[in-house]
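Undergrad: Structure incoming, see below.
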Amino acid sequence: MGDFEKESEERAVALRSKVDSLNVTDQGSYDLAQEFNKAAYEGKKKFHEWFDPIDEASKIQRQATIAQGKKIDEPFDYVIKTTGSKCATWYRAEQARIEEEKRKAEEAARKEAEEAQLRAAESLFDEGMEAAADAVLESPVVIPKIEIAGPDKSEGISYRDQWGAECVDLMALVKAVAEGTAPLYFLQANTAALNTWARNSKGTEKIPGVRVTNTPIQVRR
């Protein structure tokens, strides 16, 4: 830390400690507060006359470094994201296809096993072995286990669902919140727009659920 920077910091901290114990209650304390205000204003101005060129040079260098990194990272990131998305889409679709194929195979195997069991029972019944036929019908159907090979994942790769949502009809969402079918926290007040409206209307207009505030501030030329 340079001498000027250290002096500026000490001056700023000293002024702050004085202000913490100051209450503006009369003309004298008002004038004293204005002295502190002016000293802080001038101190900050002098500091930034020294600091801003250094800060600007640092920002330019940082921006150049970031741009240099992005120039390399962006194409790599594009390839990672694009190939990952395409592979995940195919892999999940392949899993779904195999699951459906397995379901159909299991359904066919169950049907075949049930028909085989029924034929065996009928055969026993035709031979006069009614008790044995009843026992066959009452026994659980034995269904062969179906195994279908799934797609092979590359080493170190896993897939997970990443759910998201987007508002496609704001009015419908507002109505849902008003009717109580959607939570209030799904909506957020536009603070920037409300502040602009308040500055323009200066408290002459009213909006349900909105309170206009006016906080006097001091500006020094």
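The values are calculated or read from the model by the stated rules, or taken from the named source; none is laboratory data. Bear in mind that the values here come from a model prediction, so they are computed numbers and not experimental data. Cβ coordinates were reconstructed from backbone atoms using ideal geometry, including for glycine residues, and neighbour counts include every protein chain displayed. Each accessible area value is taken on the protein alone, full model and side chains, heavy atoms only, with ligands, DNA and RNA left out. Shrake-Rupley method; radii C 1.70, N 1.55, O 1.52, S 1.80 Å.
Undergrad: So which lysines can residue 104 reach, going by Cα to Cα under 30 Å and dropping same-chain residues fewer than 8 places off?
TA: 86, 145, 153
Undergrad: Once the other residues with Cβ under 13 Å from the Cβ of residue 19 are scored (Lys, Arg +1; Asp, Glu -1), what is the net sum?
TA: Details: positive: 11, 16, 18, 38; negative: 20, 35.
That sum, taken over residues with Cβ under 13 Å, equals +2.
Undergrad: Calculate one ³J(HN,Hα) per residue across the stretch 117-126 by plugging θ = phi - 60° into the Karplus curve 6.51 cos²θ - 1.76 cosθ + 1.60, and present them in order as whole Hz with x for glycine and proline.
TA: In residue order, the calculated couplings are 5, 5, 5, 5, 5, 5, 5, 5, 5, 5 Hz.
Undergrad: Check cross-link reach from residue 18 to the lysines: straight Cα distance under 18 Å, and skip same-chain residues fewer than eight apart.
TA: Leaving aside lysines fewer than 8 places away in the same chain, those within reach of residue 18 are 38, 44.
Undergrad: Okay, next question. I need the per residue convex hull volume for the chain, using only the alpha carbons, in cubic angstrom as a whole number.
TA: On the way: hull volume 82.1 nm³, N = 221.
Residue-normalised Cα hull volume stands at 371 Å³.
Undergrad: On the accessible surface of the stretch 100-221, probed at 1.4 Å, how many percent belong to carbon and sulfur atoms? Kindly include the intermediate steps, with their values, before the conclusion.
TA: Values: 5770 of 10960 Å².
Carbon and sulfur together cover 53 percent of it.
Undergrad: Relative to the present Cα-Cα distance, how much length would full extension add between residue 93 and residue 21 at 0.36 nm per residue of separation?
TA: Details: separation 72, 0.36 × 72 = 25.92 nm, distance 6.90 nm.
So the extension gain works out to 19.0 nm.
Undergrad: Once the piece of chain linking residue 114 and residue 212 is laid out straight, how much longer is it, given 0.36 nm per residue of separation minus the C-alpha distance between them? Mind dumping the intermediate values first?
TA: Numbers: separation 98, 0.36 × 98 = 35.28 nm, distance 7.56 nm.
27.7 nm is the gain from fully extending residue 114 to residue 212.
Undergrad: Which residue, 94, 127, 106, tops the fluctuation ranking in a GNM of the chain built on C-alpha contacts under 10 Å?
TA: Fluctuation is largest for 127.
Undergrad: Can you work out ³J(HN,Hα) from phi for every residue in the stretch 201-206, in order, using Karplus 6.51 cos²θ - 1.76 cosθ + 1.60 and θ = phi - 60°, giving whole Hz and x for Gly and Pro?
TA: Result, ordered by residue: 7, 6, x, 7, 10, 10 Hz.
Undergrad: Something else about it: For residue 59, project a label point 7 Å along Cα to C-beta. Then give me every residue of the stretch 29-45 with its amide nitrogen under 20 Å of that point.
TA: 44-45
Undergrad: Against the longest principal axis of the chain, how steep is helix 170-179, in degrees 0 to 90 to the nearest 10, with axes from Cα atoms?
TA: The angle comes out at about 80 degrees.
Undergrad: So, for the chain, what is the accessible surface per residue at a probe of 1.4 Å, expressed in square angstrom? Write out the running numbers ahead of the final one.
TA: Details: 19120 Å² over 221 residues.
Heavy-atom accessible area per residue stands at 87 Å².
Undergrad: Need one value: the accessible area of residue 20 in square angstrom, 1.4 angstrom probe, rounded to the nearest 10.
TA: 120 Å²
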